[in-house]
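Scroll down for the structure; my scribbles are underneath it.
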Amino acid sequence: MDASVTGRPKTLIGNYGIEVTMDKKKLESFKKRLETRQQELRRTVTRNQADGRSADEDTAQDIADRAASSYTKEFLFSQSNNERQTLMMVDGALARIREGSFGECISCGKEINAKRLEAVPWTRHCIECQEKLEQGLLEEAPR
């Protein structure tokens, strides 16, 4: 039956042949949130890279100043690295929206819980597979 007749959202068949149900309005909401986050992360990564370069240019006088400059540079690099990884996951989520597999676990193919998607819309795994991944029982899939 057609979604307009049943009143239910359209059912999509994901990469694993499992039905994933998400209405168009909800999918568009996730897309907008992800695009906003993507822009924020890109700005932050760019700013951190510039700050890291300027920390390099500081002409530190004594050893304490050099140590502080080195710490700042390392901190910015670490922060930027985390944000780059999140940016890659956001990019992946937007790609899954385009492919029609958003909301589907990339490991088992099951539908990811709606509350999990609300909290972390760029997540790639259902909660069960995420727990296995963290315990080292599931191999990390390429991004």
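The values are calculated or read from the model by the stated rules, or taken from the named source; none is laboratory data. As the structure is a prediction and not an experimental result, all values here were calculated from the model. In this analysis, Cβ positions are derived from the backbone assuming ideal geometry, glycine residues included, and neighbour counts consider all displayed protein chains.
Could you please let me know if residue 74 is among the charged types (D, E, K, R) and under 24 Å from residue 138 (Cα atoms)?
no
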Close pairs from region 50-78: first surrounded by 14 or more Cβ atoms within 10 Å (Cβ to Cβ), partner modelled with pLDDT under 80 and acidic (Asp, Glu), Cβ under 9 Å, at least 6 apart: 69/56; 69/58; 72/51; 72/58; 73/51; 73/56; 76/51
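To keep it simple, each residue is scored yes or no on (1) without any contact (Cβ under 8 Å) to a residue 24 or more places away in the chain; (2) within 20 Å of residue 34 (Cβ to Cβ).
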site	(1), (2)
97	no, yes
105	no, yes
109	no, no
112	yes, yes
115	yes, yes
119	yes, yes
128	yes, no
131	yes, no
134	yes, no
Positions within region 14-65 being among the hydroxyl-bearing types (Ser, Thr, Tyr), farther than 14 Å from residue 102 by Cβ and modelled with pLDDT under 75, in sequence order: 54, 59
